[in-house]
Amino acid sequence: MVTQQKLKILHVLGQRPDSTGSGIYLQSIMREAAKCGHDNFMIAGIQPDRDVELHCVSLKQCRFVRFNGGDIPFLIPGMTDIMPYPSTRFIDLSAQDIEKYETVFARVLTETVACFRPDIIHSHHNWLLSSLTRRLFPNIPVVTTCHGTDLRQFQNCPHLREKVLSGCRHLDAAMVLTKDQKEYIVSNYRLPPEKLFVIGAGYDDLLFTTGSKPSPRPVQLVYAGKLLNAKGLPWLLKALKTITAPEWRIHIVGGGSGKEKEECMRLAQDLGKRVVVHGQIPQARLATLFHHAHIFVLPSLFEGLPLVVMEALASGCRVVATDLPGVMEVVGHLKADYITLVRTPRLKKMDQPYPEDLAAFEQNIAQALTMQIAGAIKHPHIDLSLIADELAAFTWKRVFDRVQNVYCSVLNQ
């Protein structure tokens with residue numbers, strides 16, 4: 001049952017509310033909540049040298065913690081170790097850094113709650129900030145959304161686990177993207193199964209739509225994700241080097257930093273004019289790229305539930321992706337010849353492959369792409385009617401219906 005009560009919802013995120021999937025998720029939930037008549041306010045982290053890209057969210061609904069010389073002296077600690085903007089890593093923060101991080105967010109949270117007086121707090125990532133929020137406000141319902149990267153940090157930062165668990169084990173509810181995430185949290189966060197809800201993630205069905213595709217001469221491919229090894233980009237670029245015909249062109253979308261980005265850029269340059277690097281772009285520009293693309297490829301080694309796969313499919317793109325649990329949850333059951341899933345190589349950790357498996361991984365990507373390139377030449381337009389119901393389940397409206405039911409369940413306890 002969906003609540004009809006008008007709610008005051010405080011949304012909390014420790015990093016930028018744009019640039020990554022969790023930021024898009026947060027803004028989309030705020031937009032859908034507003035359509036249902038709820039009042040929203042956001043706390044998020046930013047750095048003073050970059051504007052924030054907001055959609056249907058007013059700056060009057062936001063309060064920002066400023067990193068890198070503002071409220072906190074160091075760069076934003078990212079939920080992945082390489083972010084699409086300058087960042088630091090949680091594993092590299094000192095005890096004094098963590099104390100500063102929590103002290104500043106505690107002050108901002110306390111002041112905001114006193115002014116906004118939320119009925120419920122929706123915090124993103126089962127990590128330090130969500131734990132802090134739970135501890136600060138024991139009498140306000142606190143729910144979280146797991147985005148997968150928090151589970152990776154939980155694995156990579158054992159020295160922070162008890163601090164995370166001190167609050168997160170007492171959450172009123174935790175929403176997850178996949179069944180695998182639910183099982184992990186039950187086992188590692190000590191939350192009872194009845195407090196976990198598989199919600200999934202969504203796409204903007206007004207932005208990502210089908211239309212006429214250009215001639216597949218060349219076949220247009222798109223990769224959208226961070227420029228780092230964990231997304232499989234180096235092995236995608238190496239695989240493409242072996243495909244000389246038919247003619248193709250790949251558009252690379254996303255940001256990154258450090259040596260992994262440099263290596264990706266070097267491999268891209270080796271492919272010459274067949275590669276177009278766009279960098280970090282707004283969602284509207286990504287939608288335009290998808291409208292004109294024939295194939296979307298995501299050879300990632302680690303994902304929560306990749307929104308971008310649904311965005312690409314809804315835009316009429318064929319899909320080549322790895323068979324990760326999050327990908328399987330979205331498209332693994334779909335019997336469509338325009339979807340090819342590549343076996344993920346064995347991993348030492350969440351996103352570190354065994355070197356001896358990489359040659360076969362490259363070859364499997366090349367075979368999958370060759371097949372879908374041939375398919376795109378024969379049939380540039382794919383028939384989405386067979387998966388229309390599955391696509392509809394992942395619109396932001398449907399996702400927020402499920403989120404709102406969690407709010408209702410918590411508030412009615």
- Query: To the nearest 0.05, what FRET efficiency results for A106 and R190 with a Förster distance of 25 Å applied to their C-beta separation?
  - Reply: 0.60
- Note on the structure: Residues meeting the amide H criterion for W248 (H placed from the backbone, H to H distance under 5 Å, 5 or more places apart or on another chain) are V219
- Task: Mind jotting down the distance between the C-alpha centroids of the stretch 145-172 and the stretch 93-129, whole Å?
- Result: 15
- Message: How big is the dipole moment of the chain about its Cα centre under a simple scheme where the beta carbon of each Lys and Arg is +1, that of each Asp and Glu is -1, and everything else is neutral? Debye, nearest 20, please.
- Response: 200
- Folded to 0 to 90 degrees: helix 21-35 orientation relative to the chain principal axis, Cα: 60
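Once R0 is set to 22 Å, what does the formula 1/(1 + (r/R0)^6) return for the Cβ-Cβ distance between L59 and I140, expressed as a FRET efficiency to the nearest 0.05?
Values: r = 24 Å, r/R0 = 1.11.
E(calc), rounded to 0.05, equals 0.35.
Using 29 Å as the Cα-Cα cut-off, could you pick out the over-long pairs in K195/K226; K213/K238; K60/K179; K182/K259? It would help to have the intermediate numbers written out before the result.
Numbers: K195/K226 32 Å; K213/K238 27 Å; K60/K179 36 Å; K182/K259 34 Å.
Listed pairs above 29 Å: K195/K226; K60/K179; K182/K259.
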- In debye to the nearest 20, how big a dipole does the stretch 219-392 give about its Cα centre with +1 on each Lys and Arg Cβ and -1 on each Asp and Glu Cβ? 500
- Separation of the stretch 337-364 and the stretch 209-263 by C-alpha centroid, Å? 16
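How much mean residue ellipticity at 222 nm does the chain get from its helices, if each DSSP H run of length 4 or more adds -39500 (n - 2.57) and you divide by all residues, to the nearest 500 deg cm²/dmol? List each step's numbers first, then the result.
Details: 13 runs with 152 residues, N = 413.
Using -39500 (n - 2.57) per qualifying helix, the result is -11500 deg cm²/dmol.
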- Cα→Cβ-extended label distance, 7 Å offset, between A34 and L358, nm: 4.5
- Message: Please rank H278, H11, fewest neighbouring Cβ atoms within 10 Å first, as an exposure proxy.
- Response: H278, H11
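Each value in this text was obtained by applying a stated rule to the coordinates, not by laboratory testing. No experiment lies behind these values; they were computed from the predicted model shown. Neighbour counts run over all protein chains shown; Cβ positions are idealised from the backbone, glycine included.
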